[in-house]
C-alpha cells in the first residue's frame, strides 16, 4: 500500500482519509495490484497482464464506447484491426509483440460498408445518419457506456450537441499529435457532445466549467483572420489556449495524413469530426468511406471548403491505419451534397405524404435552427420521360434559397443576454464586469467599458445565456418571478463576483416576438420574390414546411396560427396584417398550407423529425437514390445565391441597386459620388425588397463610406457587381455606356 500512496503523491493526486469496510479494502488492494502490474508491464517490460486485458479498453479509453468482449480477440468471425499487418506496409511501421495468448488479426477491408453517411453539422447539435441495406439509422455521440445499455432511448439522443469540453489541453495536444490515425486521446482530457453538454448544463453557474467549453464551433468557422480569437481555459491546469483561425488544409486524396509542422495544431472542428468518425467507424458497426454534408444557404463557398477540409481530416483520422495500404482507401470522400433546407424538403415532402404532380406542387421551407434561419422555395414534381428513363421517381426543383443570417436560437439567447446586461449596466460597472456584444446588435451609450472580447466576457455572456434558456425554450423562468437573480460572474481580473441581475421577462419576450416576426416577414417576402422570378407568378397553394428545433417555439407557432389560445391569436393577427402587405389582390396565392412541426414516433425513432430531417433527407438524395434534386440557385462556381441588398440612400432612406438573388458578374448602378465620398449601404433584411421605407440606422442596415477623393473621379457613377455570396466588386464610370474601371473588392460583413 505504501507504494500506492507514494505513487499518488508523485502524481499530485488528492488523498483524503475515509473509513471503509473490509470488503472495500479488499477491492482497493485488488486495484493496487492491478496498477502495479500495469506499471511493471510498461516500465519494467515484465508481462503480467493478458493482452486482452490491456486492449479491451481501446475504444472506451477515447470515446467511452463499450469495452471489448473477450471473443473479439479470438473468434473466427471477429479479430482486431490493430493487429492486422498489410503486405505492403513498411516494416518499421509495426512492432512484434509476444504473448501467451493468440490474438486474431482482422483485415479492416472486410468491414467496409457500402452505405452512405450523412452529417448535418449544426450550431447547437449535429445529426449523423447512416443508410445500410435500405434502412436508415441515427447515431448517438459522446454517450456514457451505460447509456448504450439502457432500455429507453429518447429522440433527442440523436441530436448530438456540437460541444467540446477541455479538461487538459496540454495532454490533449500531446496525444492528438502522437499518431496520425486513431491517436490514443484520453477521454479525461476532452469530452465531446452529450457528455460535454451535460456537464456544462449541470454546472452552468461555475465559471471554470463554462470557460472550458467550446460550444460555437460552427459560428467560429465564420470568423475571419482579422477578428478576435476564441480562447478556452482547461479545467485541470487553468491553461489558456487560443485557437487559430480556420484554414483550408485538405488531405491528399489516396495518401496518408502526415503530422508535419504545417499541420493545424488543434482545429476544434477536426477534433469534433474525429469523435464523430470514431463512433461511426466503430468495430461493431463497420467502416464507412462515403460522407455527405450540408450547409446553410448563406455560407460562402470558401467557408464551406474550410469546414469540409476539417471534416476530411477528422473523419479520415478515425480510420484504422492498417486500412491505408489497401486498395479501397482511395474511395474515402467527404463532399457537400445540398443546402440544409433542400435536404430537409427531401425528407419532409415524403414524410408528410405530399404527392408530386406533373406540373409540380409548390413548397417553402422555414428552417429555424440554432445559428441561422434558412429559406428554400421550389416545386415537387413527377419526372419527365428522360428523368424517368434515368431511374428517377420524383424531382425537386428548388430556387430562391435565402435566409436570415442571425435569426437562430443561440443568437437570440445571446441578444437576450446583451439586453439584460444593458439593463444592469450600473451593477456591471460597479463590479467591473464585461460581456460580449452580438454581431447584429448595436452599441449603447456607455458600452465602451462594458463590452469586451475577452475570455471572462465570453464566460459571463455564456453564464447569463444559460439562465435565460428556459425563457426561450419554455416561455418563462419560474424561479425568477421576483425578477432578480444572484449570478457569479468574472470581473476583468478574472475573479468571481456575485452580481444581482434584474431580468425583465416582458421586455425579453417582446424582443423575441419582434425579432421572429421580422424573420417571418423576410420569409414571406423572399417567397414572393422567388416564385415571381422563377415562375412569373405566385402558385395558388404553397406547402410550408417547418424545420429546425427553434420552429417548435410557441412564438413561431402563434404567428402561424398553429396554437389555439388568446396570446397566439394576437400573434397570428399581427402576422396576417404584415402578410397582407406583401401579397396583394393581384397575386394568385389562395392559401399557404402550414404543416405542423414533424415529431418522432416512439415506435420509429429513425423517422424524420424537424431536426433529424436534414440528415435523413441527405440520404434520400445521395447518389444512387431515386429522388432527383435540381438547384437553380447555385452559381457556376458552386457558390450560393447572393444574400444581400446593396445600394445607397436618398432622403435618409435605403435604395437598393443590387438585390438578393441577382446574377453574378453583372454591373449594377448604385449612385453618384458626392463630394468625393460614396455612402455604401447594405443589408440582408427582406424589408428592402418590398419598399424603400428602410431608414438609415435601422438594425441590420450597415453603412460604409467609400473614399473617391480626387479630380479624376468628379462626376463619376459608382457601379458594383457580385463575385461571391458576401463580396462585391466596385467600379467607376461616367455612365453605363462607358467602360467601367474596377476599383476594389468589398467583403460585406454584418
(Q) So if I restrict to the alpha-carbon atoms in the chain, what is the Rg, and what is Dmax, the biggest pairwise distance, in Å? (A) 28.5, 96
Q: Using only Cα atoms, tell me the angle between helix 409-423 and the longest principal axis of the chain; keep it within 0 to 90° and round to the nearest 10.
A: 80
**Q.** Bridge type composition, the chain - antiparallel percent by DSSP, nearest 5
**A.** 75
Q.
So the label point goes 7 Å from the Cα of residue 749 along Cα→C-beta, right? Which residues of region 220-247 then have their backbone N under 19 Å from it?
A. 220-231, 243-247
Q) Roughly how tilted is helix 505-535, in degrees to the nearest 10 and between 0 and 90, from the longest Cα axis of the chain? A) 70
Q. Quick one: Cα centre-to-centre distance for region 233-298 and region 51-84, in angstrom?
A. 24
Q: Determine the gain in length on full extension of the stretch residue 669-residue 570; use 0.36 nm per residue of separation and subtract their C-alpha separation, reporting nm with one decimal.
A: 31.4 nm
Q) What order, most packed first, do the peptides 218-224, 336-342 have when packing is the mean number of other Cβ atoms within 10 Å of each residue? A) 336-342, 218-224
Q. So what's the convex hull volume per residue for the Cα atoms of region 245-362, in Å³?
A. 154
Q) With r defined as the distance between the Cβ atoms of residue 484 and residue 87 and R0 fixed at 56 Å, what FRET efficiency is calculated, to the nearest 0.05? A) 0.20
Q) If you take the Cα Rg of region 304-351 and divide it by 2.2 N^0.38 Å, with N the number of residues, what do you get? A) 1.57
Q: Using per-residue counts of other Cβ atoms within 10 Å, averaged over each peptide, order 117-124, 660-667, 78-85 from highest down.
A: 117-124, 78-85, 660-667
(Q) I need the Kirkwood Rh of region 645-747: take the reciprocal of the average 1/r across all distinct C-alpha pairs and report it in angstrom. (A) 13.8
Q.
Give me the extension gain from residue 231 to residue 388: residue separation times 0.36 nm, minus the current Cα-Cα distance, reported in nm with one decimal.
A. 51.2 nm
Q: Send over the semi-axes of region 150-246's equivalent ellipsoid, whole angstrom and largest first, taken as the square roots of 5 times the C-alpha gyration tensor eigenvalues.
A: 23, 18, 16
Q) How far apart, in nm, are two points set 7 Å out from the Cα along the Cα-to-Cβ line at residue 602 and at residue 247? A) 5.2
Q | Helix-only mean residue ellipticity at 222 nm for the chain, each DSSP H run of n ≥ 4 adding -39500 (n - 2.57), per residue, nearest 500 | A | -9000 deg cm²/dmol
Q: Measure off 7 Å from each Cα along the Cα-to-Cβ vector at residue 709 and residue 135, then give the distance between these two points in nanometres to one decimal.
A: 7.3
(Q) Can you tell me the orientation of helix 193-202 relative to the chain, as the angle in degrees between its alpha-carbon axis and the longest Cα principal axis, to the nearest 10? (A) 80
(Q) Given a Förster distance of 60 Å, report the FRET efficiency between residue 595 and residue 502 from their Cβ-Cβ distance, rounded to the nearest 0.05. (A) 0.90
Q: State, to one decimal in nm, how far the label point of residue 563 lies from the label point of residue 448, with both points 7 Å from Cα in the Cβ direction.
A: 4.3
Q.
Rg and Dmax in Å for region 453-605, alpha carbons only: what are they?
A. 20.5, 63
Q. If the convex hull of the alpha-carbon atoms of region 424-474 is projected onto planes in all directions, what is the mean projected area in square nanometres?
A. 4.0
Q) Working out 0.36 nm times the residue gap between residue 188 and residue 69, then minus their Cα-Cα distance, what length gain in nm do you get to one decimal? A) 40.6 nm
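Coordinate-derived values only; no laboratory data. Since the structure is predicted, the reported quantities are computational estimates derived from the model, not experimental observations. Using ideal geometry, Cβ is built from the backbone for each residue, glycine included, and neighbour counts are taken over all protein chains shown.
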